[in-house]
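Engineer: First, the structure itself, so that you have it in front of you.
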Amino acid sequence: MLKDIQDSEDTSDSSISSVITKLQSECDAMHLQISGGKKQLEETQKELAMSLYQIDAAKRVVARLLAERDTAIKTLQELKSSDIGREIAIPKQTLRSSLNEEASSLITEKYSGLSKSRKEKKIPEWAKQKDRKYEYQYISKFTGDPSYGYRISALALSTDGEIIGSGRKNGNISLFQKDKKEPIINLEGHSMKINDVSFVKNMNSLISGSDDQTIRMWKNLEDEEGSQSILFEKVHESAIVSAQTHPVSTLAISASKDGTWVVYDIDAAGQPRAISSVSSTAQSSSSSSLTFSGRIPFERANIHPDGILLGTANANGHISIWDLKAGTLVADFDAIGDKLNKSPCTTLIFSENGFNIASVIGGQLRVWDLRHSKSGVYTPLTYDTLNFTPSDISILRSAAYDNSGYYIAACSSTATYTISTKTWDIRATIPSPDDVPQELVVQYEDGSGLLVAKKDGSIDLHKKITDLE
């Protein structure tokens with residue numbers, strides 16, 4: 001019995017020892033697992049801390065990028081509205097009076113091509129009928145932003161007739177599409193009255209001249225990021241009276257009250273620059289009050305359709321014809337005589353065939369045939385020698401030829417008249433649709449319509465609709 005009890009105690013001790021050993025092994029395994037968990041937790045905490053740091057850094061980067069984006073958007077909006085930062089200034093250069101060989105060759109080549117095409121040009125059927133009368137219908141009025149509602153001082157049509165350019169007396173320029181009453185583009189840069197605007201053929205550009213003594217070329221007019229202004233600095237010393245593109249589309253010309261005219265190379269592929277400058281010479285009979293540093297101020301200028309001549313209306317009452325390539329004077333004649341008492345010239349234009357030059361001086365329309373003179377004296381046709389009288393027309397303000405050269409439109413403050421250049425009689429009288437005085441007129445090249453600028457800054461469109469037999 002005693003032996004059985006002893007064997008039972010030995011078995012019990014062995015069982016307890018194995019249990020303790022097992023428990024200790026499990027405890028050690030648990031310690032190892034906990035230690036491994038702690039290490040994993042520490043690694044996870046480190047990774048989490050790194051991720052939080054990276055997220056925080058990313059947030060700071062995103063915040064900085066958003067701030068830069070907002071600043072860029074604001075800057076772009078300012079550039080679109082003020083054109084600041086999109087202006088290229090062309091410094092003053094020393095210029096010679098004659099053109100360089102490259103520009104002269106371009107003018108000669110263009111002259112040959114235009115002369116040939118003019119000889120092949122057919123006379124329109126409507127122009128052959130001497131007694132035909134016309135009616136015009138008032139179509140619409142272009143108005144624009146009230147802040148741009150200053151009086152219009154310059155008016156031009158693009159070569160395709162789709163865009164209307166209007167220069168304002170406050171220095172702004174508004175562009176209209178012919179089928180929209182509101183402006184599609186407003187250009188700011190000049191600080192004083194715009195005296196001339198002209199579209200550059202095939203270059204989506206416009207040039208302008210102002211009383212602020214500067215010439216600007218506006219490029220990329222249809223660019224969504226805004227147009228670019230090229231400023232020609234200190235080319236002239238007084239107000240710019242004319243800024244026009246040449247039939248050679250890479251050339252342009254300006255004339256100024258400082259008595260000089262300048263030719264520019266405006267080639268978009270190269271660096272725009274002035275390439276020649278010609279000065280007028282004050283005649284001994286001219287009053288000193290009419291001179292600018294010994295030069296006769298220009299009041300208007302116009303390029304001959306063939307591109308070889310330039311006409312200028314001068315403050316001494318003369319019209320001068322210049323050779324563009326040589327920079328020399330070809331003809332000079334008294335444009336006003338004693339009657340008009342040295343009144344300023346408001347219009348100077350060549351006919352489409354280049355045979356005639358017309359002016360509006362002192363409210364009178366005068367036309368000269370440049371093919372005929374006696375000892376250099378040209379006899380003008382004035383409205384009292386045409387087939388109408390002063391009772392038919394109040395003081396004229398502006399005139400414009402159509403592309404056929406068979407009609408010239410002239411506007412007074414109350415009406416616009418189309419006049420036959422063959423019979424010199426009025427073919428149509430177009431009254432103003434309201435009481436606002438008229439100031440400028442431009443014809444569509446095909447003679448299908450007229451644009452008339454008004455004193456309130458608006459523009460009236462009249463379309464030819466009826467032939468009256």
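No value in this document is a laboratory result; all are computed from the given coordinates. No experiment lies behind these values; they were computed from the predicted model shown. Glycine gets a Cβ as well: all are built from the backbone with ideal geometry, and neighbour counts include every protein chain shown.
Engineer: Suppose each label sits 7 Å from its Cα in the direction of the beta carbon; what would the residue 33-residue 20 distance come out to in nanometres?
Structural biologist: Distance between the two pseudo-spin positions: 2.4 nm.
Engineer: What is the packing order of peptides 240-249, 173-182, 407-416, taking the mean over residues of other C-beta atoms within 10 Å and listing the highest first? Please list the in-between numbers first.
Structural biologist: On the way: 240-249: 23.7, 173-182: 17.2, 407-416: 21.0.
Per-residue Cβ counts within 10 Å, averaged per peptide and sorted highest first, yield 240-249, 407-416, 173-182.
Engineer: Take residue 141 and residue 50, extend 7 Å from each Cα along the Cα→Cβ direction, and tell me the distance between the two endpoints in nm.
Structural biologist: So the label points at residue 141 and residue 50 sit 7.4 nm apart.
Engineer: Let me understand region 12-53 better: what is its radius of gyration from the alpha carbons, and its Dmax, in angstrom?
Structural biologist: Gyration radius and largest Cα-Cα distance of region 12-53: 17.9, 60 Å.
Engineer: Please compute the length gained on full extension between residue 66 and residue 105, using 0.36 nm multiplied by the number of residues separating them and subtracting their Cα-Cα distance.
Structural biologist: Extra length from residue 66 to residue 105 when fully extended: 8.6 nm.
Engineer: Checking the table 141/234; 110/133; 169/201; 74/141; 219/422 against a 32 Å threshold on Cα-Cα, which pairs fail?
Structural biologist: Details: 141/234 37 Å; 110/133 36 Å; 169/201 25 Å; 74/141 34 Å; 219/422 40 Å.
From 141/234; 110/133; 169/201; 74/141; 219/422, over 32 Å: 141/234; 110/133; 74/141; 219/422.
Engineer: Taking θ as phi - 60°, what are the ³J(HN,Hα) couplings along region 417-432 by the Karplus curve (6.51, -1.76, 1.60), each to the nearest whole Hz, with x for Gly and Pro?
Structural biologist: Here the 3J(HN,Hα) series is 10, 9, 10, 6, 8, 9, 9, 6, 10, 6, 9, 8, 10, 10, x, 5 Hz.
Engineer: So, by mean Cβ neighbours within 10 angstrom, what's the order for 347-356, 257-266 with the highest one leading? Let's see the in-between values first.
Structural biologist: Details: 347-356: 19.4, 257-266: 23.1.
Taking the mean over residues of other Cβ atoms within 10 Å, the ranking is 257-266, 347-356.
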